[in-house]
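Colleague: Right, I'll just put the structure down here and ask away after.
The values are calculated or read from the model by the stated rules, or taken from the named source; none is laboratory data. In this text, all values refer to a predicted model and were calculated from it rather than measured experimentally. Methodologically, a virtual Cβ is constructed for each residue, glycine included, from the backbone with ideal geometry; neighbour enumeration extends over all protein chains shown. Note: accessible area is taken over every heavy atom of the protein model, side chains too, but ligands, DNA and RNA are not part of it. Shrake-Rupley method; radii C 1.70, N 1.55, O 1.52, S 1.80 Å.
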Amino acid sequence: MCRHLAYVGPPTSLATLLLDAPHGLLHQSYAPSDMRGGGTVNADGFGAGWYPPAAAASGAAPHDDPGAGPAARTGNAPARYRSDRPLWTDTGFAALAAVTSATGVLAAVRSATPGMPVTSTAAAPFTEDGWLFSHNGVVRGWPAAVAGPAAALPVTDLLTLDAPTDSALVWALVRHRLRAGDDPAAVLVDVVRSVDGAAPGSRLNLLLTDGTAIWATTWTHALSVRRGAGAVTVASEPSEVSTGWVAVPDRSLVVATPQRCDVRPLDAAASTAGAPAA
Ligand code: GLN
């Protein structure tokens, strides 16, 4: 199953974070160590979204509308690069990553679920209005099993999915709630419950950032958190051994900033899960 990573902290080079770390996403693309539930390599594309330091420091006037996404609230709009090729073959991305730094990153390498297309638009991160999102896992019984939750979405959303994949639909469900201004933690809790309720046995590790905080779920996949030096990283697998990584228990909700990390049982988390930790 795919591997994903989110980072918030001081400006860091994309190459340092994703490519150079001993067991960073590049290494995890061809030699992952904790592929639960099938798959051997993550060769079916990849993506990276990042918040440039200049945008983070632009001082754009804050926006009080809770329904406005991060881009409107903070002026912090991410850039994104996606590909349908293996990360290790993309010399163009390596060159870009070497000269790009960011204060927030969400990146993923993909192992397509059998039957789902290999196309750049199926690769995470999915994005809108300042949000970056990834799904690591599978929706069981796709697509029929989730026809019910999907039916609650506007038809236009269904006609404009990034790709005809389970992950793109999960993003559409999350995005619909974010557009309404709902709390991101509550959104992830509700979407996991809704999708797993309709499609029991689904694997639903979700990862979301606005460039200032990271929200994540574990639902039958691995996840670890590392904090320190004013930064927080949330990743499917630690990028290095013995460097302060803490494994997140299964069925958890994570709300993390560089200053604080809350991990609570997802089964017990209220759908009004609260704002990100200060
Ligand atoms: N099911 C998703 C897809 O095919 C995610 C796959 C994964 O996590 N390996 O894109």
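Colleague: Ignoring ligands and nucleic acids, what accessible area does residue 191 show with a 1.4 Å probe (Å², nearest 10)?
Modeller: Rounded to the nearest 10, the figure is 10 Å².
Colleague: On the first, second and third principal axes, largest extent first, how far apart are the outermost C-alpha atoms of the range 62-204 in Å?
Modeller: 45, 43, 25
Colleague: Exactly which trypsin sites (Lys or Arg not before Pro) in the range 174-269 are in a DSSP loop and have at most 15 other Cβ atoms within 10 Å? Each step should come with its number before you reach the end.
Modeller: Working: sites: 175, 177, 179, 193, 203, 226, 227, 251, 260; in loops: 251, 260.
For trypsin sites (Lys or Arg not before Pro) across the range 174-269 that sit outside H, G, I, E and B with at most 15 neighbouring Cβ atoms in 10 Å, the list reads 260.
Colleague: Taking the radius of gyration and the Kirkwood hydrodynamic radius from Cα positions alone, what is the Rg/Rh ratio for the chain, to two decimal places? Don't skip to the answer; put the middle values down first.
Modeller: On the way: Rg = 17.0 Å, Rh = 18.3 Å.
My calculation puts Rg/Rh at 0.93.
Colleague: Moving to a separate point now. Name the residue from 52, 104, 141 whose Cα lies farthest towards the positive end of the charge dipole of the chain, charges +1 on Cβ of Lys and Arg and -1 on Cβ of Asp and Glu.
Modeller: Result: 141, furthest along the dipole toward the positive end.
Colleague: Also: First select every other residue whose beta carbon is under 14 angstrom from the beta carbon of residue 254; then total the charges, Lys and Arg +1, Asp and Glu -1.
Modeller: Working: positive: 226, 227, 251, 260, 264; negative: 250, 262.
Spelling it out: positives minus negatives among the neighbours equals +3.
Colleague: Give me the tail of P(r) for the range 96-144 as a percent: Cα-Cα pairs with distance above 16 Å. Write down the numbers at each step before the final one.
Modeller: Working: 631 of 1176 pairs.
Across the range 96-144, Cα pairs with separations above 16 Å total 54 percent.
Colleague: Based on the mean of other beta carbon atoms within 10 Å per residue, what is the order of 43-49, 94-100, 114-120, 76-82, most packed first?
Modeller: Numbers: 43-49: 25.9, 94-100: 15.3, 114-120: 13.6, 76-82: 19.6.
Averaged packing, sorted descending, gives the order 43-49, 76-82, 94-100, 114-120.
Colleague: May I pose another question? Can you send over the carbon and sulfur percentage of the accessible area for the chain, probe radius 1.4 Å, protein chains only?
Modeller: Working: 6060 of 10460 Å².
The value for the chain is 58 percent carbon and sulfur by accessible area.
Colleague: Then there's this: At 1.4 Å probe radius, can you tell me the per residue accessible area of the chain in Å²? Let's see the in-between values first.
Modeller: Values: 10460 Å² over 278 residues.
The answer is 38 Å² per residue.
Colleague: In deg cm²/dmol and to the nearest 500, what is the mean residue ellipticity at 222 nm of the chain if only DSSP H runs of at least 4 residues count, each as -39500 (n - 2.57), divided by the residue total? Before the final figure, lay out the partial values.
Modeller: Working: 8 runs with 62 residues, N = 278.
Only helices count here, giving -6000 deg cm²/dmol.
Colleague: Continuing with the same structure: Mind giving me the nanometre distance, one decimal, between the label points for residue 160 and residue 259, set 7 Å out from Cα along Cα→Cβ?
Modeller: If labels sit at residue 160 and residue 259, their model points lie 3.6 nm apart.
Colleague: Related question: I need two numbers for the range 183-257: Rg to one decimal and Dmax as a whole number, Cα atoms only, in Å.
Modeller: Cα radius of gyration and Dmax of the range 183-257 are 12.8, 41 Å respectively.
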